[in-house]
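Participant: Starting off with a structure, shown below.
The values are calculated or read from the model by the stated rules, or taken from the named source; none is laboratory data. As the structure is a computational prediction, the values presented were derived from the model and not from experiment. Here Cβ is always computed from backbone atoms with ideal geometry, including for glycine, and neighbour counts include all displayed protein chains. Note: areas computed on protein heavy atoms with side chains; ligands, DNA, RNA excluded. Shrake-Rupley method; radii C 1.70, N 1.55, O 1.52, S 1.80 Å.
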Amino acid sequence: MEAYIFYIMAAVSVTAAVYLIFEKNPVYSALYLILTLVSIAALYILLEAQFIAAVQIIVYAGAIMVLFLFVIMLLSLNIKEELKDAIPFQKIPALFMGILLFSVLCIILKSKFVQGKQGEYTSAYVASVGNTKLIGNLLFTDYLLPFEITSILLFVAAIGAIMLAKRKL
Amino acid sequence: MITLTHYLVLSAILFTLGVIGVLIRRNAIIIFMCIELMLNAVNISFVACAHYLNSMQGQLFVFFTMTVAAAEAAVGLAIIVAVFRNKETVNIDDINIMKW
Amino acid sequence: MANVSIMTFNILSILPILTLAGFGMIVLLVDILSSRKLGEKNLLAYLSLMGIIVAAILARNSTGTTLFSFNESFAIDNYSLFFNFIFLLSTGLVILISHSYIKREEINHGEYYALILFSTIGMMLMASGADLLNIYIGLEVMSISIYILTGFKRSKLISNEASLKYFLLGAFATGFLLYGISLVYGSTGAINLKQIAGFIADKGSISNPLLLMGMALIIIGLGFKVASVPFHAWVPDVYEGAPTTITAFMSVGPKAAAFAAFLRILMTAFGATHYEWQKIIYILALLTMTVGNVVAIAQTNVKRMLAYSSIAHAGYLLIALVAANDMGMSSVLFYILAYTFMNIGALAIVIIVSQKGDEFIQIHDFAGLGFKHPGLAVAMSLFMLSMAGIPPTAGFVGKFYIFSAAIKSGYIGLAVIGVINSVISVFYYLRIMVIMYMKEPTRDFNPLTLSPLIVVAIVLSVIGTLHLGIFPSKIMEIAQQSILILK
Amino acid sequence: MLNLVALILLFPLIGTVINGLAGKRLKKETVGYIACGAIGLSFLVSILVFCGLLLLPPQERLFEKELFSWIESGSFKAAAGLQVDPLSGIMILIVTGVGLLIHIYSTGYMHEDKGYHRYFCYLNLFTFSMLLLVLGNNFLLMFIGWEAVGLCSYLLIGFWYNKKSASNAAKKAFIVNRVGDFGFILGIMLIFLSFRSIDFTEVFHAASQGTFAVGSFALTLITLLLFMGATGKSAQIPLYTWLPDAMEGPTPVSALIHAATMVTAGVYMIARCNILYMLSPFTMTIVASIGAVTALFAASIGLVQNDIKRVLAYSTISQLGYMFLACGVGAFTAGIFHLMTHAFFKALLFLGSGSVIHAMSGEQDMRKMGGLRRHIPITYKTFLIGTIAIAGIPPFAGFFSKDEIVLESLARGNFFYWSIAIVTSLFTAFYMFRLLFITFHGKSRADHHVMEHLHESPKSMTFPLMVLAGLSSLGGFLGIPGANIMSHFLAPVFGEQGHHTEISGREAGVHHSEGHPYLMMIISTAIAILGIFIAYHLYVKKPELPKILAERFRFIYKLLLNKYYVDEMYDILFVKSLKKISVMLWKHVDTQIIDGSVNGVARLIGRFGDILRFLQTGYVRNYAFYIVLGCIFVIVLTALGK
């Protein structure tokens, strides 16, 4: 059962990703990306990361991609402008490069490697406490510093978005 | 039985697709989406590793990656909007006044 | 290593960061509350400077301690302290040179200073981060601020373009960095540098290709930030298009931060696998300095030329990384400090000489500066000589340390190539001097963008360049103590 | 008194700073007084220090003064320290003494120049750098002086920056020197690697204790690299090309570069490192051969040059070749002795030629001179003394020093060195007297415009000439065979052993040469007189003969006149061949880049830069492509390169 879900979701995400990179219309591309993100969220549930799966749907697929779509609509981009390619000679090498990169990665992934140290958060333990609660606990104890710094990051992003995109300052 | 390697290979496939997308697309927004795809591929590998290692750090890392991605999206799209204001295009092949 | 204390939660250790964040917000608040008159924003510069000074004082308080807080993910030690001072110094100098520049370019918004301060927070986090998460977050805070600052001249296409290029490529490279982190995490089960090192010590690294690939990808990600060839292509375009002050900023601070993280990751986490990364960095160093220097010769735009020269300098620093001995590591610290002075100084003069809209930044626009404004020309010559590595300047001592470190570790070939490269570099540094002193002026230099603050920055840079060249031993001693923690 | 040594450096530095900062606002006289005063005081202190040195017993004549610890890093230490011993004692006297005369001369020569203060600022800095080079007690400090001298020469040669040729010559000098410096700094690093120290005392002590075997690879490499630096600074084959061009600077600067400072640095360095060189016979052979070949080569070029300063420039190269020949055969004393006498007469000749040029309203071509003897008598007389001195006629200074080198080249070297030395001395006598005859004798060939302005130079210019003439006549007696003061004085530096072998070597050499040093003296004097006679015959008795000869031996004449086409050869070798390919590839690539580069090598690198910069296409996707390419490369390197 688990294996089926994995293969189906993996196939969906890969197919959607392929469409994303070959689709001419940016709106469709964005929609394919959302499809990929959702299928990845399903994989997260399979991996017992419910909180992350939820965040993936709500923040990524929900908020970030809506922002993308919004900008695409705002700029009302037409499809034609992609037709002229200034560096057409890169396409074939790029594909080749991608295949090469992938095969190198696979060779290494297929090779025998020692797995990392096992942690204390076994499935049973996580299930007994609850995934979200555990993440919350860790975020406000061990990972407080990055968590707080992230607030600065978001603040910077907000300033930046206003600075760069606002029509009049 | 689905092993860690399965997830890592899926992650590698998506990552590579993202890289190819960056290399061949000309629309800045789509390039940016491809970069998001790469980040998601990495996230899969994080969560999968966390799962198979009985560790929580991977999930936490993904949490932060998503936040960063959100911040990057805001800034990146703002930059694209700013470019569009001045140049009326998001085709990055046209955006090369600086070279050599 | 006297008193190593481990605390889970220690607010004192992040006081400098909090200070900078606080001052960043204050700057924004004051900007909103004060009137909209552009001319009256001097206060903001002084406020930011004050923030930097306060942060420096607070950072100074922790001199000599070694302290890991926040679940051992944040280190306060001599190493991070040394880098924090470099960051604060470079940020301070950049604010000094910014004041008149952003007025001239009409981008005098409070956000400018706030973003610079926030970016500095990111750098400090990178230097102090003892786990990969903190380093990553720090990198992002730093980079995103700089993406925005690069595009700060919103109405200028060149600035937009630089920002877009930097952003897309930066995000792309960060993808590789993250991928590397995830693989390292997967193969060791840890993101804390010490735990990674511990795991490698237990299990050995030879049988772990995934770990090595993770390491390689991290090197690529950071290699992008330090502008090593072939991950350098963004540098010339971004440096040229960014506001000149930001060019000064990003050629020093972020590069230093990336090197801080680089050194800490490689030495602390991957110290045991140094044979693996040394050969990668060996080749990167070789390519970086050669391409940087050779292409710099063909440039006519000063900012672009300095961009290539900054690539070349990253190459020299990578040599020290390859050497990986005490002398090499401490020379990285020393050289970055030296580079801070000479590069910001040089760009400050570029700012003064260029005019509104960054008009005059071709090399021949400097013609005759030597007669019209001898003071500026002498300072510029000093910075150029220092970059070319001619005694008695900081650049010479730094290069000497680096090459000696390489020879000490047995990398004689690399040192020889380094020296040849510094001979090549003389061509283009000298060209600026030749043009300043041996060509008749082709234009009127007035009005110069002079303000007391920028003069202070240049004087500080001159003093720094000379002091480090003539009395380097004290700083070198501090640098040597600073790197002890890495081993 | 020895403690005063820091003052020697301090005074020129103060002079530089004052003239550099405030010179623009000061009166010309004041600037001159400050500059000359600074060097004068420095000269006085040098004398005091020298006397202090003399008061010590010979074997204790080594004084070190550490100013502050300069670079300290782990086992690596370099102090900013000064060292006085007989060798540096002589050198500071030469540098400050001759330097002072040149300073005084310059106050007259440069009087009309609007960059007066700038000139003296550089000149003081130049002297300072040279003194630093000479006084430094470790290799790194010496290197700093070494670099600083290069930098100052760059500033001074390009002093008249309006002249395109001057600024080109300046760049050429600087960059050719940098090529040599590259070897020098590598040599220093290797010294540190081998000896764990760069202090003169420690390194030489370790070397004399036999740390390395004679002829060991490390030492040979070190000495060769150091010598590479010397070939750059002292203008030896193959890095000599900058020196003839260096005369584009004001004439007193040429005098300073050619006589007291800069070019002598290489000889000084080798003499300083004599222990290292003695331990590597292979390098010694190289040094001697390059010295000998350079001597002959440059002298032969000097035979046909028509520019008065150019003749002198080639003669400097040739004389430096002598010094290297001496060092190469192990006769360091002879080398230093010749360095000293050469400083006297070459300064005299250059200043004299400056006086001639001054009188001729800037004309440098000898063919437009002639008959100046009567118009500028003081210059003529002093110039004559200088010419006799360099030609090697007893009892003038050049005779003793050159004779010693000729002698040693046979005694310690071989017949080949000796014959080159002899032929060179014939050439020297010939071209120097040719210069003298063409310039001062015969009928005037200048137009009357110039003739009307013909005048003897002011006192400030003739006084140094007279002092130098005195030194050129008498300076040789310091090293007169039999009672050789120089060699006794320098003995502690060149080692008890070296001294010993020197004497025994001399005796052996004397035996070798049929037991009669005087015979050798007579031979060399005769050769010199022969040279003079030929010159006299060709240029005074039958002035039409040279032209006929030039016609008959057209090929050789052209070859010599064009300096063996070395510059052109470098051009073809490094530039032309590559240019052709590049032009084909990048036909539309502009010419503007070429203009920035300086010589062949620079252009070659610049070409690479041109090609590489086209990788910077401006397309983001290309850049991303490079990243991926690099990424795959790095991963493959990690994964496969076990």
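So that you can scan it fast, the table gives a plain yes or no per residue for (1) within 9 Å of another protein chain (Cβ to nearest Cβ); (2) surrounded by 24 or more Cβ atoms within 10 Å (Cβ to Cβ):
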site: D:TYR154; (1), (2): yes, yes
site: D:TYR161; (1), (2): yes, no
site: D:ALA169; (1), (2): no, no
site: D:ALA173; (1), (2): no, yes
site: D:VAL176; (1), (2): no, yes
site: D:PHE182; (1), (2): yes, no
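Participant: Test C:ILE336 against the stated conditions and say whether it is closer than 30 Å to C:SER159 by Cβ and part of a helix (DSSP H, G or I).
Facilitator: yes
Participant: What number of residues within segment D:63-100 satisfy the criterion of being part of a loop (DSSP other than H, G, I, E, B) and at pLDDT 80 or above?
Facilitator: Residues flagged as part of a loop (DSSP other than H, G, I, E, B) and at pLDDT 80 or above within segment D:63-100 amount to 1.
Participant: Please work out if D:ALA35 is under 27 Å from the mean Cα position of the chain (by Cα) and open to solvent by less than 10 Å² (accessible area, probe 1.4 Å).
Facilitator: When the stated conditions are applied, D:ALA35 passes them.
Participant: Within segment A:61-69, can one find any residue that is within 25 Å of B:ALA12 (Cβ to Cβ), open to solvent by 10 Å² or more (accessible area, probe 1.4 Å), more than 10 Å from chain B (Cβ to nearest Cβ) and at pLDDT 90 or above?
Facilitator: No - not one qualifying residue is present in segment A:61-69.
Participant: Just give me the residues in segment C:45-82 being within 21 Å of C:LEU347 (Cβ to Cβ) and either without any contact (Cβ under 8 Å) to a residue 12 or more places away in the chain or open to solvent by less than 20 Å² (accessible area, probe 1.4 Å) (or both), in sequence order.
Facilitator: C:ALA45, C:SER48, C:ILE52
The rows are residues; the columns are (1) under 25 Å from B:MET33 (Cβ atoms); (2) touching a Phe, Trp or Tyr at 6+ places or on another chain (Cβ under 7 Å); (3) surrounded by fewer than 24 Cβ atoms within 10 Å (Cβ to Cβ).
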residue	(1), (2), (3)
C:TYR166	yes, yes, no
C:LYS194	no, no, yes
C:ASP202	no, no, yes
C:LEU212	no, no, no
C:LYS225	yes, no, no
C:SER228	no, no, no
C:VAL238	yes, yes, no
C:PRO243	no, yes, no
C:VAL252	no, yes, no
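Participant: If a residue must be aromatic (Phe, Trp, Tyr), more than 7 Å from every other protein chain (Cβ to nearest Cβ) and outside any helix (DSSP H, G or I), how many such residues does segment A:109-150 contain?
Facilitator: 1
Participant: I've got another one for you. Looking for something of a type outside the set (A, V, I, L, M, F, W, C) and surrounded by fewer than 24 Cβ atoms within 10 Å (Cβ to Cβ) - is there at least one such residue anywhere in segment D:341-351?
Facilitator: Among the residues of segment D:341-351, not one is of a type outside the set (A, V, I, L, M, F, W, C) and surrounded by fewer than 24 Cβ atoms within 10 Å (Cβ to Cβ), which makes the answer no.
Participant: Right, something else. On the given criteria, is D:TYR122 open to solvent by 10 Å² or more (accessible area, probe 1.4 Å) and either under 28 Å from D:ILE47 (Cβ atoms) or touching a residue at least 24 places away in the same chain (Cβ under 8 Å) (or both)?
Facilitator: Taking the combined requirement at face value, the residue satisfies it.
Participant: Is there any pair with a first residue in segment C:138-163 that is at the interface with another protein chain (Cβ under 7 Å from one of its Cβ atoms) and surrounded by fewer than 24 Cβ atoms within 10 Å (Cβ to Cβ) and a second that is at pLDDT 90 or above and assigned to a helix (DSSP H, G or I) whose Cβ atoms are under 6 Å apart and which are 6 or more apart or on different chains, and what are they?
Facilitator: Within 6 Å, the pairs are C:ARG154/B:ALA82; C:ILE158/C:GLY241.
Participant: What's the number of the condition A:CYS106 fails, among (1) surrounded by fewer than 16 Cβ atoms within 10 Å (Cβ to Cβ); (2) closer than 30 Å to D:PHE625 by Cβ?
Facilitator: Every listed condition holds for A:CYS106 apart from (1).
Participant: Oh, and also: In segment A:43-58, how many are open to solvent by 50 Å² or more (accessible area, probe 1.4 Å) and without any contact (Cβ under 8 Å) to a residue 60 or more places away in the chain?
Facilitator: Residues in segment A:43-58 being open to solvent by 50 Å² or more (accessible area, probe 1.4 Å) and without any contact (Cβ under 8 Å) to a residue 60 or more places away in the chain: 3 in total.
Quick grid of which residues meet (1) open to solvent by 10 Å² or more (accessible area, probe 1.4 Å); (2) part of a helix (DSSP H, G or I):
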position: B:LEU60; (1), (2): no, yes
position: B:THR65; (1), (2): no, yes
position: B:ALA74; (1), (2): yes, yes
position: B:ASN96; (1), (2): yes, no
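Participant: The conditions are (1) more than 16 Å from D:TYR623 (Cβ to Cβ); (2) in a helix (DSSP H, G or I), and B:ILE31 fails exactly one of them. Which is it?
Facilitator: (1)
Participant: So which of D:ILE47, D:ILE14 is crowded, with 17+ Cβ neighbours inside 10 Å and hydrophobic (A, V, I, L, M, F, W, C)?
Facilitator: Sole residue among the options that is crowded, with 17+ Cβ neighbours inside 10 Å and hydrophobic (A, V, I, L, M, F, W, C): D:ILE14.
Participant: Moving on. Within segment B:4-54, how many residues turn out to be among the basic types (Lys, Arg) and surrounded by fewer than 24 Cβ atoms within 10 Å (Cβ to Cβ)?
Facilitator: Of the residues in segment B:4-54, 1 are among the basic types (Lys, Arg) and surrounded by fewer than 24 Cβ atoms within 10 Å (Cβ to Cβ).
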